[in-house]
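Below is one structure, written out as structure tokens; comments come after it.
Throughout, read-outs are computed from the coordinates displayed, never taken from laboratory work. Remember, it's a predicted structure, so these values are computed and weren't measured experimentally. Backbone-built Cβ (ideal geometry, glycine too); neighbour counts: all protein chains shown.
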Amino acid sequence: MLIPEDDKLDDEKMINIAKKLWFIGFFFLPWVWLINILYFIPYRNSLNDKVKWYLKFSLIGFLGYSTIFMGWMGIYLVNRNKWGAFGDDISITIPFG
């Protein structure tokens with residue numbers, strides 16, 4: 001077993017951890033939602049409905065943010081040169097070349 005019996009979390013602690021990580025993910029930190037999901041993998045057989053709710057919406061939020069971010073990165077990287085000065089203005093660092 002990955003987790004010894006003495007180290008298992010009770011339902012209240014699980015809900016508290018899942019809830020905190022879910023709220024932290026709203027501060028433009030979608031990777032925290034991924035951590036929320038990965039943290040509870042060893043406990044997947046003993047999760048209650050409240051924790052499953054937080055994990056389900058953490059997964060939805062992570063996939064949504066990731067899709068939007070990857071889409072924006074694709075558009076930006078393909079079109080930065082075509083946008084001219086605007087493309088440079090929205091860059092954090094201006095690549096030379």
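Would you mind giving the three semi-axes, in whole Å and largest first, of the ellipsoid equivalent to the chain according to its Cα gyration tensor? Each step should come with its number before you reach the end.
Values: eigenvalues 322, 29, 23 Å².
Equivalent ellipsoid of the chain: 40, 12, 11 Å, largest first.
Which loop chymotrypsin sites (Phe, Trp or Tyr not before Pro) in the stretch 29-96, with loop taken from DSSP, have no more than 14 other Cβ atoms within 10 angstrom of their Cβ? Don't skip to the end; give the middle numbers.
On the way: sites: 31, 33, 39, 40, 43, 53, 54, 57, 62, 65, 69, 72, 76, 83, 86, 96; in loops: 40, 96.
When the chymotrypsin sites (Phe, Trp or Tyr not before Pro) of the stretch 29-96 are filtered for loop state and at most 14 Cβ neighbours within 10 Å, 96 remain.
Sorted from fewest to most neighbouring beta carbons within 10 Å, what does the list 91, 58 look like?
Numbers: 91 12, 58 24.
Arranged by neighbour count, lowest to highest, 91, 58 become 91, 58.
Among 36, 26, 85, whose Cα projects farthest towards the positive end of the dipole of the chain, with charges put on the beta-carbon of Lys, Arg (+1) and Asp, Glu (-1)?
85
Please compute the length gained on full extension between residue 63 and residue 45, using 0.36 nm multiplied by the number of residues separating them and subtracting their Cα-Cα distance. Working shown, then result.
On the way: separation 18, 0.36 × 18 = 6.48 nm, distance 2.32 nm.
Extra length from residue 63 to residue 45 when fully extended: 4.2 nm.
Is it possible to state the helix-based mean residue ellipticity at 222 nm for the chain, with each DSSP H run of 4+ residues giving -39500 (n - 2.57), the sum divided by total residues, to the nearest 500 deg cm²/dmol? What is it?
Here the helix-only value at 222 nm equals -22000 deg cm²/dmol.
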